[in-house]
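Working notes, beginning with the structure itself.
The values are calculated or read from the model by the stated rules, or taken from the named source; none is laboratory data. All values reported here derive from a predicted model rather than from experimental measurement. Virtual Cβ from ideal backbone geometry, glycine too; neighbours counted across all protein chains shown.
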Amino acid sequence: MSLFNKYNQRDIQDRQVDTLIGLSKGLIADGKIVQAEVEFLLNWLIQNQQSDNPIILNLLDKVEAILEDGVVDKEEASELLTLLQNLSGDTSEIGELAKTSSLPIDHPTPKVEFENKNFLFTGTFAFGTRSKCEDQIKSLGGKPIKNVTKALNYLILGTYVTDSWAHENFGRKIEKAMEYREDGQDLIIITEEHWLKEAGL
């Protein structure tokens with residue numbers, strides 16, 4: 001690639017990100033995300049993916065995963081809202097990284113066993129989409145499951161779960177896991193960071 005093309009490509013990517021930030025601000029203006037908005041965002045991302053802009057490609061992966069089953073559920077809408085708020089520079093607490101002191105993390109941080117153990121991911125993950133995280137668990141010998149049950153061994157909280165988790169849609173999963181743990185169930189709650197460290201990622 002010539003120097004001219006290299007800088008031209010960078011200009012295109014910068015303009016795309018500026019446009020995406022403006023688009024994000026519009027989508028989150030009312031504090032919620034609905035199905036039609038997710039579909040609109042998907043179309044825009046598809047039209048702009050050819051620049052290989054990593055921000056656009058990562059968000060495209062996330063939105064495609066959300067719409068994979070054709071339905072945007074409350075938790076998915078909440079996660080996307082958080083991502084768009086981060087992207088648009090929203091300074092609300094939703095955009096803050098997790099404060100582990102106010103999250104129900106197991107202390108001291110435990111050794112994680114992967115083989116034949118059940119894992120559930122909740123929140124938004126820096127590692128990638130939920131399906132990418134679940135694929136990683138499978139490769140380590142674990143089994144991803146969809147809900148908090150008595151069979152669950154590990155609940156993993158995404159990096160972008162905040163200290164206001166109790167007010168988020170995914171807070172129900174955390175609360176249910178806490179109840180099982182308090183009842184003596186062998187259920188461990190850990191952060192994404194700890195999971196990645198234990199997995200050697």
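May I ask you to list the residues in the range 165-180 that are surrounded by 16 or more Cβ atoms within 10 Å (Cβ to Cβ) and either part of a helix (DSSP H, G or I) or modelled with pLDDT of 85 or more (or both)?
Scanning the range 165-180 gives TRP165, GLY171, LYS173, ILE174, LYS176, ALA177, TYR180.
Within the range 110-137, track down each residue that is modelled with pLDDT under 85 and not aliphatic (A, V, I, L, M). Outline the logic, then answer.
First, pick out the residues of the range 110-137 that are modelled with pLDDT under 85: 123-130.
Hits for the range 110-137 are GLY123, THR124, PHE125, PHE127, GLY128, THR129, ARG130.
In the list TYR154, TYR160, which residue meets the criterion of being of a type outside the set (D, E, K, R), over 30 Å from GLY31 (Cβ atoms) and either crowded, with 17+ Cβ neighbours inside 10 Å or modelled with pLDDT under 75 (or both)? Before the answer, list the steps.
Details: TYR160 fails: over 30 Å from GLY31 (Cβ atoms).
From the options TYR154, TYR160, the qualifying one is TYR154.
Does the range 100-158 hold any residues that are of a type in the set (Phe, Trp, Tyr) and either under 17 Å from ILE66 (Cα atoms) or more than 20 Å from the chain's Cα centre (by Cα) (or both), and which are they?
Pass one, the range 100-158, residues of a type in the set (Phe, Trp, Tyr): 114, 119, 121, 125, 127, 154.
Result: PHE114, PHE121, PHE125, PHE127.
Exactly one condition in (1) in a loop (DSSP other than H, G, I, E, B); (2) under 16 Å from LYS197 (Cβ atoms); (3) at pLDDT 85 or above is false for ALA98; which is it?
With (1) in a loop (DSSP other than H, G, I, E, B); (2) under 16 Å from LYS197 (Cβ atoms); (3) at pLDDT 85 or above applied to ALA98, the lone miss is (3).
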